[in-house]
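Just so you know, all these numbers are worked out from the coordinates, no wet-lab data involved. Every value quoted in this text rests on a predicted model; they were computed, and no experiment measured them. Positions of Cβ are backbone-derived with ideal geometry, glycine not excepted, and every protein chain shown enters the neighbour counts.
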There are 2 protein chains.
Amino acid sequence: MPELRQNFMTKEWVVIATERAKRPDQMVMHRELKPAVSFSEKCPFCPGHESQTPPEILRLHDGEGWKARVIPNKFAALSPDVKPERNIRRSLRSMGGFGEHDVIVETPDHSLAMANMPDSHVADILRVYKTRYDQLSLDPRIAQVTIFKNHGVDAGTSLEHPHSQMIATPVISYQVRQRFQEAMQHYDDFGCCIYCQTIDEELNDQKRIVVTSEHFVAMELFASPAPFCTHIYPRRHMASFGDISSSEIAELGRVLRTVLAKLYIGLDNPDFNFTIRTAPAECVGVRYFHWYMSVIPRLTRTAGFELGSGMFINTVIPEEAAEFLRNVKVETAVGVS
Amino acid sequence: MPELRQNFMTKEWVVIATERAKRPDQMVMHRELKPAVSFSEKCPFCPGHESQTPPEILRLHDGEGWKARVIPNKFAALSPDVKPERNIRRSLRSMGGFGEHDVIVETPDHSLAMANMPDSHVADILRVYKTRYDQLSLDPRIAQVTIFKNHGVDAGTSLEHPHSQMIATPVISYQVRQRFQEAMQHYDDFGCCIYCQTIDEELNDQKRIVVTSEHFVAMELFASPAPFCTHIYPRRHMASFGDISSSEIAELGRVLRTVLAKLYIGLDNPDFNFTIRTAPAECVGVRYFHWYMSVIPRLTRTAGFELGSGMFINTVIPEEAAEFLRNVKVETAVGVS
């Protein structure tokens, strides 16, 4: 029988559509294998082509070369040279398109998916995120920093070379503001962080857990809007990604790599996005919000119902997705189970 | 220079990305022409195959045959046979998947896009929507009815035969609730409907208007989240689509067909969704909400930034999209300009 489920944290409803339900293994991509090329003459992100990108912001050195680079996006959505001034003419509300738009080139290897990197390299990339996140958050003109990765055409990128992005905006988005409001309301009503409470309950329930480690928990959401949408939460209460410690970053590298490898192996390298949902800079220390990573495989398309209602229809039962991913064997480091 | 724009009605921000900006004509699909077939042996929606669908709910007669049919979706997301009972176990919030999921087969002709139908036939389809919408809204177990159309693979459908859908849910979605809250706040602050105000101001400004008629206005949004996203508003204040009059429906048929034909001709039959955003049944008479149709061509993909922030990046300037669509010549009936 179909079921409606409400996301406890965002209050959004989803339809778990059992009449249309698919077994997790029906979602496997069955891709044609492409030969892996570690260098492409045409790729601006490959080593030796550094002059084809705008001037480097940050580099993770590797002897004479580099392990990762941060550069401004050549086709930036926002510009650091515009003033973030509001312009209000009755119903027309706008603002100068101030902002920063970085690209993080994750590796010199043109076709090394994050799922196949050493855990320590994934941790290095997360360290680069944090360094740049901290820098951007200090700018008083910046209100929100969104870190994200697009992998594959269905996830919105045509560039093959492994990369992620970071966009800093002078406004807090409506979605982030609303999630904050809901979390604050819960704190005011019950005196606890709604995310901490959910993590505790999910660990007791076990059914939707995918990977655990000392400091992190990866799980399918009870009210997951899409198949295999996987969240990674720090167990310790932290509102901002900027609060992560050095040892926690190393561990997150292992957990994130394990989750991505399970998706890569289990679903045959699906297109996916991930994003870090974190408190805006002005709310760094709040007790009611809790940062996390959201990994979203792009296996289905949003259609008119989703656009018209904001409700999603999920055809894979989250408990079955979790079991499927738990059973995908990945070579994992010590301390991740 | 890039610009941030805030949707006055929903308070959502979008990035108008001029560095990535495309001229409207760069968004044309350039499809391979497929021969139009008006009948397909394999299609369950073609005439003569009526027994392949679940029993008919409603039929628009055409002599011995039919002009349009409403049938239950064979793969319904929700079921009328489940009780809409809440189940609350701490953070796990769910409800029986009660609901109705109709398919509206819009025409017997297998490949007649709505853009190419006679205006009067589009009006007939809208009349079918209203009849079924009124029926569903009367059921006290139903809280919200979402009417939508998916046209093409990128809009979430693989079925070619022209059809639209209607899903009735026992809950009001978070997105609808939030838009209501914002509109109510505006009414309480300023004593007027935020939609009526915006329509007035847009008619004065003219820059984003695409089509006008006696009772309707079609326009690009100032803060349009995606290229060529076009809204059709009734000029008269009405909270619910159910309040539309018979003569207004005839006119909406002409206006909607004109908008769809402009997209079809101008952009070469793009995939698109449309949806009717209307007050939930319990709020039929409110002064602060105003129903409308939203037509959303699916020319771009949502990526990690959109998922992570809820903000969209639009690469076509709305004023240029409006001018482009105004200049697409469509044979229009009297009273639509």
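Worth pointing out:
- Translational diffusion coefficient of the stretch B:1-55 (Stokes-Einstein, Kirkwood radius from Cα pairs, 25 °C, 0.890 mPa s): 148 µm²/s.
- With at most 14 neighbouring Cβ atoms within 10 Å, loop GluC sites (Glu not before Pro) (DSSP) excluded, longest segment of chain A: A:86-213
- By the count of neighbouring beta-carbon atoms within 10 Å, fewest first, A:I249, A:I88 end up ordered A:I88, A:I249.
- At 0.692 mPa s and 37 °C, Stokes D of the stretch B:134-216 from Kirkwood alpha-carbon radius, µm² per second: 201 µm²/s
- A simple rule links phi to the HN-Hα coupling: the Karplus curve 6.51 cos²θ - 1.76 cosθ + 1.60 with θ = phi - 60°, which for the stretch A:201-206 gives 5, 5, 5, 5, 6, 6 Hz, with x for Gly and Pro.
- With semi-axes defined as the square roots of five times the eigenvalues of the C-alpha gyration tensor, the equivalent ellipsoid of the protein assembly as shown measures 41, 29, 26 Å, largest first.
- Relative exposure of B:T302, B:T278, judged by other C-beta atoms within 10 Å (fewest first): B:T302, B:T278
- Placing +1 on each Lys and Arg Cβ and -1 on each Asp and Glu Cβ, with no other charges, gives the stretch A:3-327 a dipole about its Cα centre of roughly 780 debye.
- Average beta-carbon neighbours from other chains, 10 Å sphere, peptide B:294-304: 5
- Within 10 Å of each Cβ in A:67-78, the average number of Cβ atoms from other chains: 3
- Semi-axes of the equivalent ellipsoid for the stretch B:31-75, Cα gyration tensor, largest first, Å: 22, 14, 10
- Test item: A:50-60 mean partner chain Cβ contacts at 10 Å: 0
- Using the rule -39500 (n - 2.57) for each DSSP H run of four or more residues, divided by the residues of chain A, the 222 nm mean residue ellipticity is -8500 deg cm²/dmol.
- Think of each Lys and Arg Cβ as +1 and each Asp and Glu Cβ as -1; about the Cα centre, that makes the dipole of the protein assembly as shown roughly 360 debye.
- Sorted from longest to shortest, the spans of the Cα atoms of chain A along the three principal axes equal 57, 56, 41 Å.
- Separation of the B:M1 and A:L138 label points, Cα + 7 Å toward Cβ, nm: 2.7 nm
- Chain A - percent relative contact order, Cα under 8 Å, separation 6 or more: 22 percent
- A simple count of charges around B:S40, restricted to other residues whose Cβ falls under 14 Å of its Cβ and scoring Lys, Arg +1 and Asp, Glu -1, yields -1.
- Residues whose amide H falls under 5 Å from that of A:N73, counting only those 5 or more places apart or on a different chain, are A:H101, A:D102, A:V103, with hydrogens built in the peptide plane.
- Local charge for B:R298 was computed over the other residues whose Cβ lies under 10 Å away, with Lys and Arg +1 and Asp and Glu -1, and equals 0.
- Filtered trypsin sites (Lys or Arg not before Pro), the stretch A:82-148: DSSP coil and at most 16 other beta carbons within 10 Å: A:R90, A:R141
- Qualifying trypsin sites (Lys or Arg not before Pro) in the stretch B:28-64, DSSP loop, other Cβ atoms within 10 Å at most 15: B:R31, B:K42
- The stretch A:54-105: projected area of the alpha-carbon convex hull, averaged over directions, in nm²: 4.3 nm²
- Among the cysteines of chain A, A:C192, A:C229, A:C283 have no other cysteine beta carbon within less than 4.7 Å of their own.
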